[in-house]
Structure formats: structure tokens, C-alpha cells
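Asker: Please find one structure pasted underneath; my questions will follow.
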Amino acid sequence: VIEESLGCELTACSELGTVVLGICCMTSMVADECYTFERVPDPAAVRDPLVEAAVTRRSVPLRTHDKEPRTSSERAAARGVVRVQRDLSGINFFPFLLCNVGTGCSILKVTSESQFERVSGTALGGGTFLGLCRRLTKAASFKEAMDMAEDGDARKVDMLVRDIYGEGEDRAGLQLPGDLTASFFAR
């Protein structure tokens, strides 16, 4: 039906192969599509043009009706974590790991645009999240579940690194921030 109505021929493609090719295409053609999150002591004092652009264009305002930030984006902004654009065009970034999260999760080692292998994965993913939400709440759709998650406070249910290792700077030699999630639903 689709082929007839559009007047074209559809060809079956490998889902993961298409994802890999798409990531490779984006990194070479869309300069601001790749980014990292980095912690900076004072986002306003950053002099790196890529970080400055990220701080001014992408910073997340805190909700004014809350004493503390509630969403992960708000908590990141409050901790001085900024989104830093990475222009990878013209850079050989192979090999890299790609985590494709869908109903489950696959982790791929990508060695070129056409060569990759699945090195790990889990059945835990969006399907598990939605299934749990349907069983534990009145959410019937992914959007409803996401809206409910946005209004929730993960700190009330998740165990943090500081819950395990305390408030000390060293954190048992791990060099991890205390407010990093250590275990979901473990509180």
C-alpha cells in the first residue's frame, strides 16, 4: 500500500546498521548535534566558546516554586553541569561505543560506518519502564508516564553515591559526585 501510494520501492534495512550510519552522518554533517555534559565550578565564568555557547543557549532555569531542583536537568544546572557542543566533523572518532535504548538496550562497538558488533545489552529499557508504569500507576501511554516522572522526585526512591560512601570528597577513591544515582528504587 505504501509503495503504491508513494510510487517508490521500500527496502528492508538493518535497524542497528541504520542507527550507526545515522550517527556517523550526524557527526560529519551537523556540527552542534554531538555534545557532552561537563561539571564547571562557575558556569558564568567559563571562557571556552563552546562551553559559553552551551551555558547561554542551553542552561536550564530552576523552578521558582521549589526550594530544590527536582528534575535531572534542573539538578544538573544547579550543580554547574553544562552541555558542551562537540564538533566531530573531520575527526576520526572510530572506534566508539553506541548505546541504543529502545524497548531494551544494545551496546555496540562501532569500528566504521559499516562495521559494528553488539558487545552487550540488557532487556531493561523503555519497554520495562512503560510496563512498570502501567502496573504501578494509572499511566496508559509513554507520554503519561514521562509526564508523571517529570513531576516526581527521584531522590525519594533512588539511592545516591553519598548514601553508600558518605559526603567525603574522596568517596572511597571513586571520584564520583555524591548526588550521582547509584541504584534505582533502592531507597
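Asker: Look at A186 and say whether it is in contact with a strand residue (DSSP E or B) (Cβ under 6 Å, 6 or more places away or on another chain), open to solvent by less than 60 Å² (accessible area, probe 1.4 Å), among the aliphatic types (A, V, I, L, M) and more than 29 Å from L16 (Cβ to Cβ).
Answerer: yes
Asker: Those residues that are surrounded by 12 or more Cβ atoms within 10 Å (Cβ to Cβ) and within 22 Å of F37 (Cα to Cα), I need them from the stretch 147-159; list them, please.
Answerer: A149, D153, A154, R155, D158, M159
Asker: Let me ask something additional. Report yes if G178 is of a type outside the set (A, V, I, L, M) and open to solvent by less than 40 Å² (accessible area, probe 1.4 Å), otherwise no.
Answerer: In short, yes.
Asker: Something else now. If only one of R83, R162 is surrounded by 12 or more Cβ atoms within 10 Å (Cβ to Cβ) and in contact with a helix residue (DSSP H, G or I) (Cβ under 8 Å, 6 or more places away or on another chain), which one is it?
Answerer: The match here is R83.
Asker: Exactly one of (1) farther than 29 Å from M29 by Cβ; (2) surrounded by 15 or more Cβ atoms within 10 Å (Cβ to Cβ); (3) not hydroxyl-bearing (S, T, Y) is unmet by K143. Its number?
Answerer: (2)
Asker: In addition: Residues D163, D147: which one is in contact (Cβ under 8 Å) with a residue 24 or more places away in the chain, in a helix (DSSP H, G or I) and among the charged types (D, E, K, R)?
Answerer: Result of the check over D163, D147: D163.
Asker: Restricting the search to the stretch 1-19, which residues are among the aliphatic types (A, V, I, L, M), exposed (fewer than 10 other Cβ atoms within 10 Å of the Cβ) and part of a helix (DSSP H, G or I)?
Answerer: Step one: list which residues in the stretch 1-19 are among the aliphatic types (A, V, I, L, M), which gives 1-2, 6, 10, 12, 16, 19.
From what is left, the residues that are exposed (fewer than 10 other Cβ atoms within 10 Å of the Cβ) are 1-2, 6, 10, 12.
Those that are among the aliphatic types (A, V, I, L, M), exposed (fewer than 10 other Cβ atoms within 10 Å of the Cβ) and part of a helix (DSSP H, G or I): I2, L6.
Asker: While we're on this one: Between T137, T111, T122, which is free of Cβ contacts under 8 Å to residues at least 60 places away in the same chain, among the hydroxyl-bearing types (S, T, Y) and farther than 25 Å from F37 by Cα?
Answerer: T137 is the lone residue from the list that is free of Cβ contacts under 8 Å to residues at least 60 places away in the same chain, among the hydroxyl-bearing types (S, T, Y) and farther than 25 Å from F37 by Cα.
The values are calculated or read from the model by the stated rules, or taken from the named source; none is laboratory data. As the structure is a prediction and not an experimental result, all values here were calculated from the model. We place every Cβ from the backbone using ideal geometry, glycine too, and count neighbours over all the protein chains shown. Quick note on the areas: whole protein, heavy atoms, side chains included, nothing else; ligands and nucleic acids left out. Shrake-Rupley method; radii C 1.70, N 1.55, O 1.52, S 1.80 Å.
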